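Got a structure for you, questions after.
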Amino acid sequence: MLELNEFEVGYPRLSLSQMIDIASFILNSLAHSEYVPYNAEFRSDEAKRFIQQRVGAVQTNNEISWKALLGKLRRLRRMDIFDNPRADPLHIDQMIAPGRTIIVDMSDADSTVIDNLVISNILRNIQQAQEKAYERATQENQPTTPVMIFLEEAHEFLSR
């Protein structure tokens with residue numbers, strides 16, 4: 001999982017709890033203390049060495065900023081809307097099928113921050129699915145399926 005280049009594709013399978021572990025590794029390295037990761041895949045000596053090597057390359061010395069980031073990440077985890085094993089996954093490839101109209105109702109979300117995270121995640125996944133569908137259609141010499149997206153209250157999303 002950690003072999004990917006963060007400047008090319010990022011870490012698309014990195015969960016919120018793994019992100020908390022990585023930020024905690026950084027914070028604890030600044031405090032010169034040992035960190036015991038929550039996620040089992042980060043507990044092996046090899047994984048810890050790899051993470052510590054990557055953490056050592058980070059140019060930072062501001063513990064307060066890392067504590068603030070960890071507070072925000074933990075708040076997201078407490079909301080239980082990301083990496084929730086009880087939630088059904090979105091099947092984006094089915095969402096962009098011909099003749100489909102999908103409405104994502106975010107009216108009961110009480111946070112524009114959460115709205116923005118959810119919307120950006122959906123848009124990113126639609127873009128990736130559409131790129132794959134385009135490649136498949138051109139290889140099979142088939143017409144592509146156009147996608148039209150309307151964002152109500154788009155200024156809320158775009159102003160951030």
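Every number here is computed from the coordinates shown, using simple stated rules; none is lab data. None of these values were measured; they are calculated from a predicted model. Don't worry about glycine lacking a Cβ; one is built from the backbone with ideal geometry, like all the others, and counts go over all protein chains shown.
How would R86, R43 line up from fewest to most surrounding beta-carbon atoms within 10 angstrom?
Lowest to highest Cβ neighbour count: R86, R43.
A further question follows. Taking every pair of alpha-carbon atoms in region 16-79, give the share separated by more than 20 Å as a whole percent.
23
Relative contact order for the chain: what percent, with Cα pairs under 8 Å and sequence separation of 6 or more?
The value is 17 percent.
Evaluate the Kirkwood expression for the hydrodynamic radius of the chain, namely the inverse of the mean inverse distance over all pairs of different C-alpha atoms, and round to one decimal in Å.
Values: mean 1/r = 0.0534 Å⁻¹.
Across the chain, the inverse of the average 1/r is 18.7 Å.
Turning to a different aspect of this structure: Once R0 is set to 22 Å, what does the formula 1/(1 + (r/R0)^6) return for the Cβ-Cβ distance between T101 and K132, expressed as a FRET efficiency to the nearest 0.05?
With R0 = 22 Å, the Cβ-Cβ based efficiency is 0.55.
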